[in-house]
Amino acid sequence: MNQQPKLFTKNLLLLILCQGLFLTNNVTFIAINGLVGLNISPVAWMATLPVMGYVVGGALSTSLVAKIQHRYGRKKSFQIGLLIASLSSLTCAYAAWTSNFWLLSVGTLIAGYYSANGQLYRFAAAELTHISLREKAISWVLAGGLLGAVVGPNLASWTRNIFTTPFLGAYLSLALAGLLGILIMQFIQFPDDNKKEVSPSSGRDLSEIMAQPVFMVAIIGAALGYGVMNLLMAATPLAMKVCGYPFSDTALVLEWHVIGMFAPGFFTGNLIKKFGPLKIMGVGVLLNLFCILIALSGTDLDQFLIALFLLGVGWNFLFTGSTTLAISAYKPEEKDKAQAAINFFVFSTMAVTAFSSGALVTTQGWWILNIGSLIPVALTGLSLLWLAKKKKLK
């Protein structure tokens, strides 16, 4: 009698915890970098430049991360990322303490290396379980971000005034979280821990992989889905400050936004397995549309909260679906370059939206920002219809 493959192995559970630490770093950075930047930036429209630095650093690091993973394997690469997370958090702490805006931007740029590493946790999840369970593994690792949903905004709120410098305590806490992550990662066994050296030229050329319609749509869904989410999420703390809300309300909205991002991870994998990734991604597009419509309807606290929650759920459906699409389009020996390509487009889109969010919300306002978000949402929806039509024609 064949034994059913097990989903929740020690390795997967520890990776879920590492995902939680990663999102704690990510969410805390998003929650506070714009506000710290606003306090010490030369001009208001540059406030989200540190947020932009975080994602630009991620985009610039994707190729380097891929090379390090290819040479040293998942574990060592992830641990290097966590070490850099601690060092960059300490850099940001010093920048906030000395009111050095440009050092803060450099610190977040360096932190982007950790972000580029953390974005690969979801792909590593598929390698830690049986092929029949990979959708669920991806979904559950993303669900680990719930730890970040709860800890991230509250960490920013709890530590805001521990020191005379606002949010200095949050940066120091993130440095400790990075060290904890290094320890946890040591106990995870990845399939490539004892791998033999593989030629970088193994498999198809990247151009051939990217020419596949499935891979194209996976990139569009991941990049534009993340871009819309980042555009609105990065601008929310600034928009709520302009509207006169205290930071505790901003933390509440961000908490529910991140809950929306990761709570669906408990069932998104099942939905994808039942209905297929394209349909679930289509629902994600509709949820993004509803988010924008609610945001355009007013600026009450409930409207911010509901809009950002729907934005989070929409992102989860798009991102999990895109990841599932992507892993069906490349071979194991092609994973490093294929995953690096996806993450490069994700981070590049996030870099543009991170800077645009601050510039638009401080010069044009929350309403115009949301109107502009309709364009990438529409493009994502059209790409899904295009791929669905091509599949039907086959």
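The values are calculated or read from the model by the stated rules, or taken from the named source; none is laboratory data. If you're wondering where the values come from, they're calculated on a predicted model, not measured in any experiment. Ideal geometry is used to build each Cβ from the backbone, glycine not excepted, and the neighbour counts take in all protein chains shown.
Please name all residue pairs, on different chains or six or more residues apart, with Cβ atoms under 6 Å, provided the first residue is in the stretch 9-30 and is without any contact (Cβ under 8 Å) to a residue 12 or more places away in the chain and outside any helix (DSSP H, G or I) and the second residue is among the basic types (Lys, Arg) and surrounded by 22 or more Cβ atoms within 10 Å (Cβ to Cβ).
So the pair list comes out empty.
Scanning for something closer than 24 Å to Phe167 by Cα and either modelled with pLDDT under 95 or not aliphatic (A, V, I, L, M) (or both), does the stretch 67-81 turn up at least one residue?
If we filter the stretch 67-81 for residues that are closer than 24 Å to Phe167 by Cα, which is where we start, we get 81.
Among the residues that remain, those that are also either modelled with pLDDT under 95 or not aliphatic (A, V, I, L, M) (or both) are: 81.
Yes: the stretch 67-81 contains one or more residues that are closer than 24 Å to Phe167 by Cα and either modelled with pLDDT under 95 or not aliphatic (A, V, I, L, M) (or both).
Could we say that Ser297 is surrounded by fewer than 23 Cβ atoms within 10 Å (Cβ to Cβ), of a type in the set (Ser, Thr, Tyr) and either touching a strand residue (DSSP E or B) at 6+ places or on another chain (Cβ under 7 Å) or closer than 23 Å to Val27 by Cα (or both) here?
Details: surrounded by fewer than 23 Cβ atoms within 10 Å (Cβ to Cβ): yes; of a type in the set (Ser, Thr, Tyr): yes; either touching a strand residue (DSSP E or B) at 6+ places or on another chain (Cβ under 7 Å) or closer than 23 Å to Val27 by Cα (or both): no.
Considered against the rule, which asks whether it is surrounded by fewer than 23 Cβ atoms within 10 Å (Cβ to Cβ), of a type in the set (Ser, Thr, Tyr) and either touching a strand residue (DSSP E or B) at 6+ places or on another chain (Cβ under 7 Å) or closer than 23 Å to Val27 by Cα (or both), Ser297 comes out as no.
For the stretch 148-162, name all the residues that are β-branched (Val, Ile, Thr) and either at pLDDT 85 or above or surrounded by 21 or more Cβ atoms within 10 Å (Cβ to Cβ) (or both). First the steps, then the outcome.
Of the residues in the stretch 148-162, the ones β-branched (Val, Ile, Thr) are 150-151, 159, 162.
Passing the criteria: only Val151.
With surrounded by 22 or more Cβ atoms within 10 Å (Cβ to Cβ), without any contact (Cβ under 8 Å) to a residue 60 or more places away in the chain and of a type outside the set (Ser, Thr, Tyr) as the only criterion, which of Gly118, Gly112, Gly145, Gly107 stands out? If you could, list the steps in order and put the result at the bottom.
Values: Gly118 fails: without any contact (Cβ under 8 Å) to a residue 60 or more places away in the chain; Gly112 fails: without any contact (Cβ under 8 Å) to a residue 60 or more places away in the chain; Gly145 fails: without any contact (Cβ under 8 Å) to a residue 60 or more places away in the chain.
That would be Gly107, the only listed residue that is surrounded by 22 or more Cβ atoms within 10 Å (Cβ to Cβ), without any contact (Cβ under 8 Å) to a residue 60 or more places away in the chain and of a type outside the set (Ser, Thr, Tyr).
Considering only the stretch 26-61, state which residues are under 13 Å from the mean Cα position of the chain (by Cα) and of a type outside the set (A, V, I, L, M, F, W, C).
Asn26, Thr28, Tyr54, Gly58
Six or more apart or on different chains, Cβ under 8 Å: which pairs go from a residue in the stretch 264-288 that's farther than 17 Å from Met229 by Cα and buried (at least 24 other Cβ atoms within 10 Å of the Cβ) to one that's modelled with pLDDT of 95 or more and aliphatic (A, V, I, L, M)? Could you list them?
What qualifies is Thr268/Ile280; Ile272/Ile280.
From the set of residues in the stretch 339-357 that are within 10 Å of Ala59 (Cβ to Cβ) and of a type outside the set (Val, Ile, Thr), which is modelled with the highest pLDDT?
Phe345
Mind checking which helices (runs of 4 or more DSSP H) fall wholly inside the stretch 38-143 and carry at least 1 residues that are farther than 29 Å from Phe267 by Cα and touching a helix residue (DSSP H, G or I) at 6+ places or on another chain (Cβ under 9 Å)?
49-72, 74-98, 101-118
Of all residues in the stretch 8-35, which are within 19 Å of Val242 (Cα to Cα) and surrounded by 24 or more Cβ atoms within 10 Å (Cβ to Cβ)?
Ile30, Ala31, Ile32, Asn33, Gly34
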